[in-house]
Each structure stands twice: as structure tokens, then as C-alpha cells.
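These notes concern the structure reproduced below.
Bear in mind that the values in this text are calculations on the coordinates, not laboratory data. Since the structure is predicted, the reported quantities are computational estimates derived from the model, not experimental observations. Don't worry about glycine lacking a Cβ; one is built from the backbone with ideal geometry, like all the others, and counts go over all protein chains shown.
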Protein chains: 2
Amino acid sequence: MTGRSPLTPVVVRTATEGDADGVLGIARELVADGTTYVFAPETLDPRARRFVAAVEGEVAGCYLLRPNQAGRGGHVANASYAVAQRFAGRGVGRAMGEHSLEEARRLGFKAMQFNFVVSTNGAAVALWKTLGFRIVGELPRTFRHPTLGLVDAYVMHRFL
Amino acid sequence: MTGRSPLTPVVVRTATEGDADGVLGIARELVADGTTYVFAPETLDPRARRFVAAVEGEVAGCYLLRPNQAGRGGHVANASYAVAQRFAGRGVGRAMGEHSLEEARRLGFKAMQFNFVVSTNGAAVALWKTLGFRIVGELPRTFRHPTLGLVDAYVMHRFL
């Protein structure tokens, strides 16, 4: 525990080159943890816009926002989020979620879709529901959880 | 009409450099038609294996097969198919579908998932159902159809 107040403001902003170490640290945690993410080619998508959540100047989270499909599917946005473990439970995910919905609207997207929310990641599923998403797909046994074995993932969606 | 018999055998095989013009011709038709496909980054995925369906030595269709996700989602395959307009209704899609399921099994995949089957593409939806797929997700108004406007797309899935 760091002793920071849970009310410490979270500033979400466009990522800069100076954030690279912080973002890489979060990615390393996710790989080591292994319970929530697949690393999809989307992380290399040149169309992705990159943002970070900063708490007291530290990179507490990051997300990327992009079209979920090209061309005739390009009006639907997709985003992927990650929170540093030491900032869990501090509202960083919610701040990034709200920021990304605003940003997607601003860019003219008509909806946001998450393609692969691991069903056992209850905090994420609950957060997205409070932000207006609903489950529109259930992908059976599609994520190999490191301790639970094959578990389902959800497709989640909301209009903007 | 070409006068070929509907029973002309379809040979599905690995794509070679000599197929490039035939494949490009099919891609151009799809772009011009615009009713069935989004062109996703998957078409550039270096992990994709490429196949063609040949009828009497002509490229009548093509498909690519790849992991749908990386890492902990890598046991689920994904495939994208296209049939040349002049070979429509000749069983080319079905031959490629069956071939891709065999190939995916051979490669050790445990399931096949299609992420974006346009709901108004009735021939495709019906074909995948006869090949054992079911709809596991309904993505609302996610495809901008050139004449019908915004229509749904399906996520379809089957175990192997």
C-alpha cells in the first residue's frame, strides 16, 4: 500500500515518448499475470491512438483507441486498457473508460465494442456494465486462464 | 454463365505466387461489391496461411487461416473466405469451409471463430450453419451496407 488517498485525481492524457517506460512496465505485469489479456495485433495497429492515466505524475494506466474494423465497419471503436497493479482499485480504469468514450464520440465513432473481455475478470465486466456496455457475445472456452483453464470471453458493446 | 457443370471438382490447395493475380481479382470484386466484407488488418497478418480453391486451373476462391487471438487465445482459429463472382453457387465456399476446418484441426486448433459475418449475407450464414457453426454474438448496426444502411454482424463459432 502506498498510502495515497483513493480520491487522488487521475489525469488521462495523450501518451508521449516519456511514458514509454511506464507503459512497458504495465505490459510486463500483464504478461506475468496472464489472467486477463491476450496480446492481439491491435497493440501494433498504426491507427491506434495512445493515452495514459497519470496519478501524481506516475503512469498508472494506459489505453489505446482505434477503429474496431476497417472500411464499412470503421464507425465502431475499440479500446484496450491496462492498469498498473499498484494502482488497482483507485478508479484508474473507470477514468480511462470514461475518457475513451468521450474521445470516441469526439472522433465521430457511433459505438464502442470490446472483442475479448475475459469472463472471469469480474472487475472489468462490472465496470463496463456500469459504463453502459452490455454483453452481445459469449465466446466459449476461448481464453486459456493460467489457473482456471479454458474460460469464456465476452464481446461487449455500447452505442455512443 | 460459363456452361461448366455444377459438379466440376474444386481443388483447395496452398496458395502460390502464381495465384496472386487471381486472388487480387477476387479482392477487387469484393471491394466493388461492398456488401459482405470489411477489410481488416487480418489480411496482412504474417501468421496467416493462404489457400486457394481452383476450378479447372482457375482461381475460383481464396481463404486465409490464422489464430484469432495471440497467446492465451491462440487455440481458436479464424478464417476469411472469398469466392469469385463468376464461380458463385458452385460449391467453392463449402469446399473451402470444409478444407479450412480440416486444416485447422490438423494444426491443433480447438475451435474456429468468425468475428464478423454480415447478417444480411444469408448465403454465408446458412453455409456456416450447415458446417456446424452457431451464432454466439450479435453486433448491432456494425456494418455499413452500401444499400441497406447499418446492419448487424454475427460472431459465429464451432468447436473442432
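B:Gly71 label point (Cα plus 7 Å toward Cβ) to equivalent points in the other copies: 3.0 nm, shortest first. Around A:Ala84, under 11 Å between beta carbons, what's the net of Lys plus Arg minus Asp minus Glu among the other residues? Around A:Ala84, the surrounding residues sum to +1. Only lysines eight or more places from A:Lys110 in sequence, or on another chain, were considered; those with a Cα closer than 21 Å are A:Lys129. Shape analysis of the range A:75-124 places it in the oblate category; the axes a ≥ b ≥ c from the Cα gyration tensor give an a/c of at least 1.5, with a/b not above b/c.
Net charge in the neighbourhood of B:Val136 (other residues with Cβ under 14 Å of its Cβ; Lys, Arg +1, Asp, Glu -1) is 0. Note on chain A: helix-only mean residue ellipticity at 222 nm, from DSSP H runs of 4+ residues weighted -39500 (n - 2.57) and normalised by residue number, equals -7500 deg cm²/dmol.
Value of Rg to Rh for the range B:28-139, rounded to two decimals, is 0.93; Kirkwood radius and Rg both from alpha-carbon coordinates. In chain B, Cα pairs under 8 Å separated by at least six residues give a relative contact order of 20 percent. Residue of chain B with the Cβ closest to the rotation axis carrying B onto A, and that distance rounded to whole Å: B:Gly137, 1. Taking all Cα pairs closer than 8 Å and separated by 6 or more residues, the relative contact order of the range A:65-131 comes to 34 percent. Label-point spacing for A:Ala32 across the identical copies (point 7 Å from Cα in the Cβ direction), in nm and ascending order: 5.6. Between copies, B:Arg94 shows label-point distances of 5.5 nm, shortest first, with the point placed 7 angstrom from Cα along Cα to C-beta.
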